[in-house]
Structures are given as C-alpha cells and as structure tokens.
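Following: one structure in structure tokens, then a few remarks.
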Amino acid sequence: MQCPCGSGLPLQRCCGPYLAGAASPPTAEALMRSRYTAYTRGDIGYIEATLASDRRGAFDAVAAKSWATRATWLALRIVSTVRGQPGDADGVVSFVATYREDGKTIEHHETSQFRRDDGGAWRFVEGDTRAAVVEPKRAGAAKVGRNDPCPCGSGRKFKFCCGR
C-alpha cells in the first residue's frame, strides 16, 4: 500500500514506522506527513502523542476523531518548508490537505509550527489554518469579473484573491 502522505513510497517505508512507534520522524516535514497519514487512518493517539507537551491540554481527541473519520482524505501537497531539518530546533511547514466532507471538496491550507522536545523528537506546536470549498469547474460556466466575489468563498473580490 502506498503511503497516504503523497511521498510515492510504500507506507511501511515512509510513515508506517513512525505511526507504529518504531522510528521518530527526522524532520518537521516528516512529522507533518506522518500526522496527515495518521488522520487518514483515524490514528488520533498518534496525533495527540506528537503534540508539544504544552499543547496537549487543549487537544480535543473526540472532535479530532470525528473529523478524521467523517472526511475522505484525497491528497497532501507540501507548499514550503523553512528550517525543520535534522540539525534545527524548530521548523515551519506549509501544506494543503484536500479532503471530501458532506459532498464538498475542501482544501485545508495550513502553516504549521514545529519544535523539538527535550528528548530531541519533533513535535507539532500550532497551525494557522484556512479552509476553502473547491467547486468543480463546469463547462461553459460564466466568467468571473474582476469586481465579482471570488468563487473560492473567501468573501473578497476576485481581483484581490484568486485573480491575482
């Protein structure tokens, strides 16, 4: 089985060992990919275990499990990575996770902060998120004008959003 994180590798050679506790992710991006894979599998224990210790108190495992199982996970795309390499103490990973829920395709855009704990393991600290419903393109659809509301649902004018 191919790993859901989009690496192109088999699960057992990618995120599988991290989820099984047999290895620790060597980079912030590897941790982020493994957390995405955990969501696709409904492994909320892994999600909670990879949180920074000062963030675990606010974690709602029931809500996370509900979201993970309601969603049909489609794809993960890494947008950028800043630091987060084996020699770094912290890192930032921006990504887009695409999933379907209630008949809608949603792009979950997030910029996540990671840091190493006292034992040297990467931990998720927090994420700045934005989600957008993605409507399929329709043949012969009306053209969006510069001053029309952006079809992505942001509430901004097209020219200041996706029309840039």
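Of note:
- The sole residue among R116, R100 that is over 16 Å from the mean Cα position of the chain (by Cα) and either within 19 Å of S7 (Cα to Cα) or among the basic types (K, R) (or both) is R116.
- Being crowded, with 20+ Cβ neighbours inside 10 Å, in contact with a Pro (Cβ under 7 Å, 6 or more places away or on another chain), under 21 Å from V96 (Cα atoms) and hydrophobic (A, V, I, L, M, F, W, C) is a property that does not hold for C15.
- Complete set of residues in region 68-97 that are of a type in the set (S, T, Y) and either within 13 Å of the chain's Cα centre (by Cα) or part of a strand (DSSP E or B) (or both): T72, S80, T81, S94
- Single unsatisfied condition, M1 versus (1) closer than 20 Å to D128 by Cα; (2) modelled with pLDDT under 95: (1)
- Members of region 128-159 found to be in a loop (DSSP other than H, G, I, E, B), loosely packed, with under 12 Cβ neighbours inside 10 Å and modelled with pLDDT of 65 or more, listed by number: K143, G145, R146, N147, G155
- Pair list, Cβ under 7 Å, 6 or more apart: region 10-33 residue farther than 15 Å from D90 by Cβ and at pLDDT 95 or above, other residue charged (D, E, K, R) and in a helix (DSSP H, G or I): C15/R33
- Inside region 42-65, residues that are under 16 Å from the mean Cα position of the chain (by Cα), on the phi < 0 side of the Ramachandran plot and of a type outside the set (A, V, I, L, M, F, W, C) make up a count of 5.
- Checking each residue of region 9-20 against the condition of being more than 23 Å from G119 (Cβ to Cβ) and not in a helix (DSSP H, G or I) gives at least one match.
- Qualifying residue in region 83-97 (condition: within 15 Å of F124 (Cβ to Cβ) and loosely packed, with under 13 Cβ neighbours inside 10 Å): yes
- Candidates S112, S80: the one that is free of Cβ contacts under 8 Å to residues at least 40 places away in the same chain and of a type in the set (S, T, N, Q) is S80.
- In region 46-66, of all residues being assigned to a helix (DSSP H, G or I) and free of Cβ contacts under 8 Å to residues at least 12 places away in the same chain, the one that is farthest from A121 (Cα to Cα) corresponds to S66.
The values are calculated or read from the model by the stated rules, or taken from the named source; none is laboratory data. All values reported here derive from a predicted model rather than from experimental measurement. Reconstructed Cβ throughout: ideal geometry from the backbone, glycine too, with neighbour counts over all protein chains shown.
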